[in-house]
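Quick notes on the structure that follows.
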Amino acid sequence: MELQNLKGVGEKTIELLYEANIYNLNDLIEYYPYRYQFVIPQNLKEADFNKVITINARIVETGKVSYVKKNLNILRFKVIVNDNVISVVIFNRAFLSRNLKVNQDIILTGKYDENKRIFVASNLKFGMLTKTQIIPVYHKIKGIREATFLKIVKEAFNECDFVDYVPSYLQEKYQFISKKQASYQLHFPKTEEEITLARQRLVYEELFVFLFKIQMLKIMKNEGVMVEKNFSKEKIEKFICGLPFKLTKDQLNGINDGLADFALKKRMNRLLLGDVGSGKTIVAVVLMYANFLAGYQSAFMAPTEILAVQHFYSVNNFMKKYDVVVELLVGSMSKKEKDKVLERVLNGEVDILIGTHAILNENLHFKNLGFVITDEQHRFGVKARNNLQEKGVKPDVLFMSATPIPRTYALTLYGDMDTTIIKEKPNGRKEVITKIVKETDLKIVLYHVLKEIKMNHQVYVVAPMIIDNNDSELKNVNLLAEKFKLAFNDKVPIGILHGKLSSKEKDDVMNKFKNGELKILISTTVIEVGVDVKDATTIIIFNAERFGLATLHQLRGRVGRNDLQSYCYLICNNDVKRLQVLEESNDGFYISEKDFEMRGEGDLFGERQSGDMAFRIADIRKDYEILLKAKNDVMEWINKKEYQKVPSFQKIMEQLKFNN
């Protein structure tokens, strides 16, 4: 059955569901609660009046409605609780007044003012609460009340065909309840135990299917005979010796891993996972040179134009004395310029093409593409990456990411890829000095900024918001810009960068900062990942307690990309203990482990999830033991080849082949 055919789902509701990425019955049922409220009826005499409480009451006087202004009304009525008559106030519920009847039982949730004998309700329900009630809490869908949503979900259970992906022998092994029962219990639980059993069952299935896909992708990518690449190791050694700096041990390991992949008759499918500022790009440069020596073209795709341009100048600088032709293809180029590049690539006159999404142009054809690199690979959708890979005959593929995650998790979650991890910083780089500063002591930071600017250095300032909301603690970019202009008498050039600017506006601001025209850049977290601003030595992050440690470490990576001493100031008023991890360490992998312990996987894998693994219910940190169990079971299931007889798994295989 289609979603729009469900009882109670009209055109307006369909549009709202689509906006929440709910397109069919399965999407609807898998829109699980993210937490539960355990509502316990309390005695008014024993309740803590500083907290939200739930009480049973009986109406003794029906309601009166007063309208304060257009969007604000107040409903008042009286109830009896524990032999005491009290007044109840609830805002914007005028429509309920006609339903209130004397002697009717009612459940009230809110706060009680004992002195005024007024209960300010945030919610009310008719009836009486005799035991603990479990209320599922969902991420709000704009325009749809939770009660309405639950009615629609209940209706969907009568019409949906549930596909159970867990093999029957594993269901028996773990004594799992059915998928339909588990899903129902998550939406309509009667006990806490029901939630636990249901969640375990659904988490296992989600991870089982995910890991099956991962393993099958790895098998598929190793299928078929690949061309073995031949290149001169002596020339590569000479290239490395000719670099203006000495490579770290980790960088050399990354190069050797890639060269070993080239030498095998199978497709390279490698993830180069490196901490911020660890020097991943030079690994890619050496491998592109090896690919050139083997007679093939390379494509290097960056997520933003400014980063693509940076890579172009950097790579071209390394390659020019070796007669390797490097070309750039970005969206801002004229049609005439693009057409010229397309022609040269097709004719084989370009050895390395560096660009943004412009590389995915359907009119772009390579003469002999043998190597594809995507930088910050999570920023591209799966389809986009595959489009680029298909521009050659199964070219070798290297993915690069600066998002440090715990090694054990990386090896499992990126199980379809071979993984190389770079932790060491390039030689000559100094550790960024990180300090936690209370906002009341901001003058100390401003004196430091003035000192750095006098030395012709530059400063990043990060604000967590673009515009104000009711939270006065959060500082927005415009407010901070005004404060910094005032602090420096409007004599220091300041730029503003945020997500609401167009791509061209962002690039203009970033280029001015990179070229030194701006001394202070005040930005939200859209600061370009990987962009090198050599003279940037200080980053100030306001409301640092609002960010995960991994995000703060990524932001800190905007400085310290030179041999100058760099600084990071974390401006906050609380949660100092958690942030001390950043004062103690510059190791992104250690920090990611700590962040994982404290916050879960959301902060670490959010970007990865948006494209590749959108888990509906699994939490990698909490469910890691289930993940390992599912991984072993998947390997056994694949080795048995039983999946070849199961229609649901055959469908998964078809989808993987289509996307691969």
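Results, tabulated for the structure shown:
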read-out	value
Calculated [θ] (222 nm, deg cm²/dmol) that DSSP helices of n ≥ 4 give over the chain, each run adding -39,500 (n - 2.57)	-12000 deg cm²/dmol
Packing-based ranking, highest mean first, of 281-288, 10-17 given that Cβ atoms within 10 Å are counted	281-288, 10-17
Solvent-free Debye scattering, log10 I(q)/I(0), computed from the Cα coordinates of the stretch 145-229 at q = 0.16 Å⁻¹	-0.75
Rounded tilt (10° steps) of 335-346 against the dominant C-alpha axis of the chain	60
Relative counts (whole %) of C-alpha pair distances in the stretch 59-106, using bins that are 5 Å wide	5, 23, 31, 22, 11, 7, 2, 0
Farthest toward positive dipole pole in the chain [+1 Lys/Arg, -1 Asp/Glu at C-beta], among Leu211, Ile620, Asn489	Asn489
Given Lys233/Lys280; Lys266/Lys504; Lys140/Lys512; Lys180/Lys631; Lys7/Lys641, the pairs whose alpha carbons are separated by over 30 Å	Lys266/Lys504; Lys140/Lys512; Lys7/Lys641
Rg/Rg_ref, the chain, where Rg_ref = 2.2 N^0.38 Å and atoms are Cα	1.13
Normalised contact order of the stretch 13-165, rounded percent, pairs of Cα under 8 Å and 6 or more residues apart	28
Relative compactness, the stretch 433-585, computed as alpha-carbon Rg over 2.2 N^0.38 Å	0.96
Aspartates and glutamates with Cα under 13 Å of Lys249, excluding same-chain neighbours fewer than 8 positions away	Asp257, Glu424
Cross-link partners of Lys51 among aspartates and glutamates (Cα-Cα below 14 Å; sequence separation of 8 or more within a chain)	Asp113, Glu114
Degrees, to the nearest 10: 305-319 long Cα axis against longest axis of the chain	20
Alpha carbon convex hull of the stretch 276-365, projected area averaged over orientations, nm²	5.8
The stretch 415-462 - Rg and Dmax from Cα coordinates, angstrom	17.4, 50
Nearest-20 debye value, the chain charge dipole, Cβ charges on Lys, Arg, Asp, Glu	1060
Cα-based reach from Lys190 at 17 Å (exclusive), listing aspartates and glutamates while leaving out same-chain residues under 8 positions away	none
Degrees between helix 249-263 axis and first principal axis of the chain (Cα, 0 to 90, nearest 10)	80
20 Å tail of the calculated P(r), the stretch 97-187, as % of Cα pairs	62
Kirkwood hydrodynamic radius over Cα pairs of the stretch 55-145, then Stokes diffusion coefficient at 10 °C and 1.306 mPa s, in µm²/s	112
Fraction of beta bridges assigned by DSSP in the chain that are antiparallel (%, nearest 5)	40
Which listed pairs, of Lys454/Lys534; Lys435/Lys534; Lys78/Lys151; Lys451/Lys594, have C-alpha distances above 23 Å, in listed order	Lys78/Lys151; Lys451/Lys594
Likely footprinting exposure, Cys568, Cys160, Cys241, fewest C-beta neighbours within 10 Å first	Cys241, Cys160, Cys568
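We did not get these values from a lab; they are worked out from the coordinates using the rules stated. This one's a predicted model, so the numbers in the text were calculated from it and none came from an experiment. As a convention, Cβ positions derive from the backbone with ideal geometry for all residues, glycine included, and neighbour counts pool all protein chains shown.
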